[in-house]
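All of the numbers you see were taken from the coordinates with simple rules; none came from a lab. Not measured: the values here are computed from a predicted model. Methodologically, a virtual Cβ is constructed for each residue, glycine included, from the backbone with ideal geometry; neighbour enumeration extends over all protein chains shown.
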Amino acid sequence: VVDSGVNATHVEFASSRVVDGWSYRADNTPSIGSYRNSNESYHSARTNGTISACAYNPTLQQNNPSTFDDLVNASGADITDKGKLDNDGHGTHVAGTIGGEVTGIAKGVTIVPVRVLDSCGAGTTSMVHNGLQWILANHLAGEKAVVNMSIGFDASAKSIDSDITALLAEGVVVVAAAGNDGGSSCNTTPAGTPGTISVGAIDRTSKEAYRSEERRVGKE
């Protein structure tokens, strides 16, 4: 689940089916550095490079984002963050739809969280790229796997397209949200990336919904 992380202690995953994954906070400083630069426009009143509390959209703030998003040691990474926390909630919602014990479609699936978004549901191209690279490095040849990306870019992101192509070449199924704007998914990443299964939405009357569930991410 490539998203904002997954709350591994949620009752839907009581059987400990959420295993250690990856988080941008455990990555090296270039990833977190590009995150801070890319989100300069909405992160205000920062002190010593810390991340402010969802200044661009306070309605998305949960708890204290600085606790869940910032680096916590001098080495430039928080190696304790394995993606098994979700201060935004979107990744847990997606994981519950996929594999929740009551709500899930595949109730026995093993869920691997890849945290590429922060507590505000925001991220950068490099954060997503590095997360997909972690998947490529840790996927075993022949292992059945599905990568879900309920996120999207406003246009094509070549590095992400290349990552998805590499995953497909390994036999990994890649599924993505079709988009939130009711328009074509062509020429956008990951929904329009060749080989990706793009999923739209229907409303309660089984007609096409005016928008699909998706999260946009920032670009460097």
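Here are a few things to note about the model shown:
- Placing dummy labels 7 Å off each Cα toward the beta-carbon, the span from His10 to Ile197 is 2.0 nm.
- By the rule of a C-alpha distance below 17 Å, with chain neighbours fewer than 8 residues away ignored, the lysines paired with Lys144 are Lys107.
- Approximate shape of the stretch 76-154 as ellipsoid semi-axes (Cα gyration tensor, √5λ), whole Å, largest first: 20, 17, 13
- In terms of packing, defined here as the mean over residues of other Cβ atoms within 10 angstrom, the peptides 145-155, 182-192 line up highest first as 145-155, 182-192.
- With the simple model of a label 7 Å out from the Cα in the direction of the Cβ, Asn180 to Thr103 spans 1.8 nm.
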